[in-house]
1. Provide the per-residue ³J(HN,Hα) series for the range 34-48, in order, calculated from phi with Karplus coefficients 6.51, -1.76, 1.60 and θ = phi - 60°, each as a whole number of Hz, with x at glycine and proline positions.
2. May I ask you to list the residues of the range 77-98 whose amide nitrogen lies under 16 Å from a point 7 Å from Cα along the Cα→beta-carbon direction of SER17?
3. Loop-only trypsin sites (Lys or Arg not before Pro) in the range 1-47, please: DSSP not H, G, I, E or B, and at most 14 other Cβ atoms within 10 Å.
4. Summing Lys, Arg as +1 and Asp, Glu as -1, what charge do residues with Cβ under 11 Å from the Cβ of TYR79 carry, TYR79 excluded?
5. SER17: net charge of surrounding residues, Cβ under 15 Å, Lys/Arg +1, Asp/Glu -1, itself excluded?
6. 7 Å from Cα along Cα→Cβ at both SER7 and ASN58: what's the point-to-point distance in nm?
7. Please report the base-10 log of the normalised intensity I(q)/I(0) for the range 10-62, using a Debye sum with one equal scatterer per alpha carbon and no solvent, at each q in 0.13, 0.22, 0.28 (1/Å).
8. Subtract the Cα-Cα distance of ARG39 and SER70 from 0.36 nm times their separation in residues, and report this length gain in nm to one decimal.
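The values are calculated or read from the model by the stated rules, or taken from the named source; none is laboratory data. Here the structure is a predicted model, which means the values were calculated and not measured. Backbone-built Cβ (ideal geometry, glycine too); neighbour counts: all protein chains shown. Please note that ligands, DNA and RNA were not included when accessible areas were found on the heavy atoms of the full protein model with its side chains. Shrake-Rupley method; radii C 1.70, N 1.55, O 1.52, S 1.80 Å.
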Amino acid sequence: QVQPVESGGGLVQAGGSLRLSCRPSGSIFSMNAMAWYRRAPGKQRELVAGITGDGRTNYVDSVKGRFTISRDGARNTAYLQMNSLKPEDTAVYYCAVDYYSDYDFLTGDFDYWGLGTQVTVSS
């Protein structure tokens with residue numbers, strides 16, 4: 001079982017911060033690429049941030065300068081630091097993990113997905 005488990009979501013006021021974590025359960029292998037996606041009510045899923053196996057990152061324009069994706073040295077846990085949160089950041093955030101280098105950020109083609117964690121930002 002290598003399904004990612006997200007944690008760290010919650011309710012925060014606008015301008016506040018949250019740190020999401022993603023850790024595959026039961027895996028002894030290191031993640032390759034991974035990404036954070038979100039789905040807001042009534043909207044399509046969107047890529048928030050991604051990180052490749054060699055550490056390159058990319059972000060959706062709306063979170064640049066506010067969110068930071070990272071991973072630990074052993075590549076077993078990934079994080080999304082979210083600062084200066086806005087009400088429009090309210091969504092369910094999902095972690096997606098690749099092990100076999102066959103991922104696609106645009107299509108969301110990853111080996112495993114987490115069940116999501118709710119982030120709610122109040123105005």
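1. 8, 8, 10, 10, 9, 9, 8, x, x, 10, 7, 4, 9, 6, 8
2. In the range 77-98, the label zone of SER17 (backbone N under 16 Å from the point 7 Å along Cα→Cβ) covers 79-86.
3. Values: sites: ARG19, ARG38, ARG39, LYS43, ARG45; in loops: LYS43, ARG45.
Taking the range 1-47 and a limit of 14 other Cβ atoms within 10 Å, the loop trypsin sites (Lys or Arg not before Pro) found are LYS43, ARG45.
4. Details: positive: ARG19, ARG23, ARG71; negative: GLU6, ASP72.
Value of the local net charge: +1.
5. Details: positive: ARG19, ARG66, LYS86; negative: ASP89.
Cβ neighbours under 15 Å give a net charge of +2.
6. Distance between the two pseudo-spin positions: 3.0 nm.
7. For the range 10-62, the Cα-only Debye profile gives -0.46, -1.08, -1.22.
8. Working: separation 31, 0.36 × 31 = 11.16 nm, distance 2.06 nm.
Length difference between fully extended and current span is 9.1 nm.
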